[in-house]
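Questions regarding the structure given below will be posed in turn.
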Amino acid sequence: MAQFTFKCRTCGTFERWMASKGARVSEAPCPSCGEAAGRVFQPVHLSKMDAKIKARIEQGMQPKTRQRKDLPAMQQPRQRAPRPWQAGH
């Protein structure tokens, strides 16, 4: 069991214990109003860090999603001769 934090638009943040398979859950119903709340990604032990470092880590905690069409095109590997020392012969 792990504890996950969620943020409701109307009620604020709340925490919920979920099974480890729930790590893939990105939404949960708010216990107060029942509205769908998004998961908040938080790093560990931020209370003892410098404020600038903490802010930088928190900004990077949201996973970045990309679509295949946005990825750079893969380059085809060059065909190599089986014996490179004989390539020009």
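Laboratory data are not the source of any read-out in this text; all were calculated from the coordinates shown. Not measured: the values here are computed from a predicted model. Reconstructed Cβ throughout: ideal geometry from the backbone, glycine too, with neighbour counts over all protein chains shown.
Could you list LYS54, LYS64 in order of exposure, starting from the residue whose Cβ has the fewest other Cβ atoms within 10 Å?
LYS64, LYS54
For ALA19 and ALA55 in one chain, what is 0.36 nm times their gap in residues minus the Cα-Cα distance, to one decimal in nm?
In short, 10.1 nm is gained.
What is the order of CYS33, CYS8, fewest Cβ neighbours within 10 Å to most?
CYS33, CYS8
Given H placed 1.01 Å from N in the peptide plane, which residues other than close sequence neighbours of VAL40 have an amide H under 5 Å from its amide H?
Answer set, sorted by chain and number: THR5, PHE6, LYS7.
Suppose each label sits 7 Å from its Cα in the direction of the beta carbon; what would the THR5-ALA73 distance come out to in nanometres?
4.4 nm
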